[in-house]
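First the structure, in the form of structure tokens, and then the observations on it.
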Amino acid sequence: MPLKLSLKPGEKFVLNGAVVQNGDRRGVLILQNKASVLREKDIMQLEDVTTPARRVYFPVMMMYLDETSAPKVYDEFARRLTEFMSATRNPQVQADCVAASRHVMAREYYKALMAARKLVDYEENLANVASGVQDRGGAG
């Protein structure tokens, strides 16, 4: 089944390891076969790997973008995931950790990446709540 990407002007993405940038207009890209595609918002730079959840996400991202790197980064992923799991008691977060691990073991790196993204989102939400920056929308 083809994958259809609707791209914003100037949006960057990675396609099978190559960084590609859309032109100055909205565009649509249709991929007819399996490829590793990651949108700009999901790409993490090494200098952004500053929190426990990001330390889980980054090696999964590397495995997704380049399956040949999996043996090299798997130990880092396993170590960081174990650290993260031991630091949380939230059952849903632990389930997301298990899901990420299962997907990595099955070489389903995109699914693992989406599970790891939930960990990053959870961690960012915790940080926002702790700093008093939580969402204050809606009637109080």
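Pairs meeting the criteria (first residue in region 108-132 and under 15 Å from MET61 (Cβ atoms), second residue at pLDDT 95 or above and of a type in the set (D, E, K, R), beta carbons under 7 Å, at least 6 apart or on different chains) are ALA115/ASP96; LYS118/ASP96; LEU119/ASP96; VAL120/ARG54. Note on region 21-47: residues that are among the charged types (D, E, K, R) and within 22 Å of HIS103 (Cβ to Cβ) amount to 4. Scan region 86-106 for residues that are farther than 25 Å from GLU67 by Cα, among the hydroxyl-bearing types (Ser, Thr, Tyr) and not in a loop (DSSP other than H, G, I, E, B) and the total you get is 1.
Just a yes or no: is a residue in region 32-51 part of a strand (DSSP E or B) and open to solvent by 30 Å² or more (accessible area, probe 1.4 Å)? Spell out how you get there, then give the answer.
Taking region 32-51 first, the residues part of a strand (DSSP E or B) are 37-39.
Applying the additional criterion that residues be open to solvent by 30 Å² or more (accessible area, probe 1.4 Å) yields 39.
Scanning region 32-51 turns up at least one residue that is part of a strand (DSSP E or B) and open to solvent by 30 Å² or more (accessible area, probe 1.4 Å).
Of all the criteria given as (1) open to solvent by 70 Å² or more (accessible area, probe 1.4 Å); (2) of a type outside the set (Ser, Thr, Tyr); (3) at pLDDT 90 or above, the one not satisfied by LEU81 is (1).
Annotation: of all residues in region 17-31 being loosely packed, with under 11 Cβ neighbours inside 10 Å and over 18 Å from the mean Cα position of the chain (by Cα), the one that is nearest to TYR110 (Cα to Cα) is ILE30.
For LEU5, indicate whether it is closer than 15 Å to TYR110 by Cα and in a strand (DSSP E or B). The answer is no for LEU5.
For region 1-16, the set of residues classified as farther than 28 Å from GLU83 by Cβ and surrounded by 11 or more Cβ atoms within 10 Å (Cβ to Cβ) consists of LEU3, LEU5, LEU7, LYS8, PRO9, GLY10, GLU11, LYS12, PHE13, LEU15, ASN16, listed by residue number.
Among the residues of region 17-31, write down those that are assigned to a loop (DSSP other than H, G, I, E, B) and in contact (Cβ under 8 Å) with a residue 24 or more places away in the chain.
Result: GLY17, single match.
Just one of the listed residues (VAL93, VAL60, VAL104, VAL56) is within 13 Å of ALA115 (Cα to Cα), in contact with a Lys or Arg (Cβ under 7 Å, 6 or more places away or on another chain) and open to solvent by less than 30 Å² (accessible area, probe 1.4 Å), and it is VAL56. Of the set (1) more than 30 Å from GLN21 (Cβ to Cβ); (2) open to solvent by 90 Å² or more (accessible area, probe 1.4 Å); (3) polar (S, T, N, Q), all apply to ASN128 but (2).
The values are calculated or read from the model by the stated rules, or taken from the named source; none is laboratory data. Here the structure is a predicted model, which means the values were calculated and not measured. Using ideal geometry, Cβ is built from the backbone for each residue, glycine included, and neighbour counts are taken over all protein chains shown. What goes into the accessible areas is simple: the full protein's heavy atoms, side chains included, and nothing from ligands, DNA or RNA. Shrake-Rupley method; radii C 1.70, N 1.55, O 1.52, S 1.80 Å.
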